[in-house]
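Encoded as structure tokens, the structure appears first; notes follow it.
The values are calculated or read from the model by the stated rules, or taken from the named source; none is laboratory data. On a predicted model such as this, the values are computed, not experimentally measured, just so you know. Cβ placement follows ideal geometry from the backbone for every residue including glycine, while neighbour counts extend to all protein chains displayed. Side chains are part of the model used for accessible areas, which takes the heavy atoms of the whole protein and leaves out ligands, DNA and RNA. Shrake-Rupley method; radii C 1.70, N 1.55, O 1.52, S 1.80 Å.
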Amino acid sequence: MKKLFVFIVCAFLSTQSFGASYLPITDLKGNGLAVSTHELADSIGQKVLDSGGNAIDAAVAVGYALSVVHPAAGNIGGGGFALIHLANGQNITLDFREVAPAKATRDMYLDKNGNVIQDLSVVGYLAAGVPGTVKGMSAMLDKYGTKKLADLIAPSIELAEKGFAITERQAQTMLEAQGNLAKFASSKKYFLKPDGKTYKQGEILVQKDLAKTLRLIAQKGPDAFYKGEIAGMIEADMKKNGGIITKQDLAQYEVVWRKPVEGTYRGYKILSMSPPSSGGTHIIQILNTIENANITKLGYQSSQAIHIIAEAMRQAYADRSEYMGDPSFVKIPLDKLLSKAYAKSIYANIKPNATPSSEVKPGLGPIHEGNNTTHYSVADKWGNAVSVTYTINGSFGAYAAIDGAGFLLNNEMDDFSIKPGVPNQFGLVGGDANAIEPGKRPLSSMSPTIVLDKSNKLYMVVGSPGGARIITTVLQVIINVIDYKMDIARAVESSRFHMQWLPDELRLEAFGLGQDTKDNLTKMGYKLVELPDMGDVNAILINNGVMQAAHDPRTEF
């Protein structure tokens, strides 16, 4: 197999604050690193690397492991994105995002008066898009892997069969989701105790039906999921519970190979996911805007630096609401959004104080036609690297599990503009470009990102869950490394802020910013809101031949 660099990414929600300093993880054995949100998944990925597997092999193994040990977000019932950078200079992305079923309609979540029906696009079988993860994992493995799918899934089958100990954070998220999980007999059976109570820290969660499902995939490949026994279970459960995904929808699902979006920032090359993700485009747009200022000189998280970055974020999210969607259905002005000239005009319009969002419109004028998520990063000794973000959207997705198959469905249909101008569960507002249509992929914020250094060599693999906050989370890790010269652990650990145009507020984590900075921002006209921590980054940095990685001390589920 030729030497290559591969990167994959996809997208989550809610955490707890922290204070301890995290040290970077260094590749001491020389076999590479696998870092995810769960140590059992890390261990499985690391064993693949240590036994001679490459990063793609390890990424597939970690992906299936998370489907067992991270039920709030790790998934085979969702989808995601992959960004691949080959050592020969080729860059390509893999889109294994969910799609709207054939029976989906533009107004399917509205009542007869045109009003949004509460929770219909979020909870239950009707909220699900056609999953893409299983086909995506096999597409990566078939093209770039070296090991057999059955061997890579085997450890996950054993984990599902024998069970694993629930962590403290998982016990909290299960308690938070208890009411919605209890609404569905299958979910109650799989994720709650027989008496309806939740699992506590240290108790063992056994998933026999999920083990059977994974065994079928290991034996028969993705056809088991999209055309075989598992497809039959999905269709039967849909018919029974008011869902609309059919065996035909599953059989017709395809992954899509796409070109990545590319940009530069202070001499570094930025590669990221293209539409139907908005993430890569707007990360580059914001970086292009910030590049006009010397934020290093202004000072790390000074009120002036935050002001410039926040205003760049505000404009990017306004543009997202108008121009972004599935490129198979709408024409997206990517060249203009990614241009340095457009970014320079945005920067020139930044005023000394905050500009109210009511005064900020999509910046290109009319264009005429012609959270749940988790992230992991892997790098091997040969130079292959994989950054994967995949998602079932909200925590525990649609809360509905497929009876007999043991996995949760996504609620990705909520990522469409179910009614233009009405925010989704992450507060994001969309327009007609992201309206529901059969076979269409919903707009995403997932931001698989690779940074190459000034010599065009692999420098950083980064991504995060966090819904609307994925874009700004990944952005700030990049800025922390490039502008503020932080090591990867400090870059990931440092406090974050977020501005998404609507609602008109600057979201802060409940630690990090000094009171003087907060007072200055308030005087500049920002409405400051302190909410739970943002993101769950797992990143790798390769600098001067040394590979280091960092887990986020925040935990998204």
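The table that follows gives values for the structure above.
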item: Pair list, Cβ < 9 Å and 6+ apart or interchain, from region 443-463 residues that are among the aromatic types (Phe, Trp, Tyr) to residues that are buried (at least 24 other Cβ atoms within 10 Å of the Cβ); result: 459/450; 459/541
item: Matching residues in region 85-98 - criterion: being under 16 Å from the mean Cα position of the chain (by Cα) and not in a loop (DSSP other than H, G, I, E, B); result: 93, 94, 95, 96
item: So residue 164, is it at pLDDT 95 or above and buried (at least 24 other Cβ atoms within 10 Å of the Cβ); result: no
item: Exclusive hit being open to solvent by less than 20 Å² (accessible area, probe 1.4 Å) and of a type in the set (A, V, I, L, M), set 40, 49, 28; result: 49
item: Residue in region 97-105 that is open to solvent by 10 Å² or more (accessible area, probe 1.4 Å) and under 21 Å from residue 466 (Cβ atoms) present; result: no
item: Criterion violated by residue 71 - all others in (1) at pLDDT below 95; (2) farther than 18 Å from residue 207 by Cα; (3) surrounded by 24 or more Cβ atoms within 10 Å (Cβ to Cβ) satisfied; result: (2)
item: Residues (in a loop (DSSP other than H, G, I, E, B) and open to solvent by 10 Å² or more (accessible area, probe 1.4 Å)) located in region 250-273; result: 254, 255, 259, 260, 266, 267
item: Hey, residue 469 part of a strand (DSSP E or B), more than 30 Å from residue 87 (Cα to Cα) and not small (Gly, Ala, Ser) or not; result: no
item: Selection from region 194-218 of residues that are over 14 Å from residue 156 (Cβ atoms) and open to solvent by 50 Å² or more (accessible area, probe 1.4 Å); result: 194, 195, 197, 200, 201, 203, 204
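For (1) surrounded by 13 or more Cβ atoms within 10 Å (Cβ to Cβ); (2) assigned to a loop (DSSP other than H, G, I, E, B), each residue gets a yes or a no:
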position	(1), (2)
108	yes, yes
118	no, yes
126	yes, no
151	yes, no
155	yes, no
176	yes, no
189	yes, no
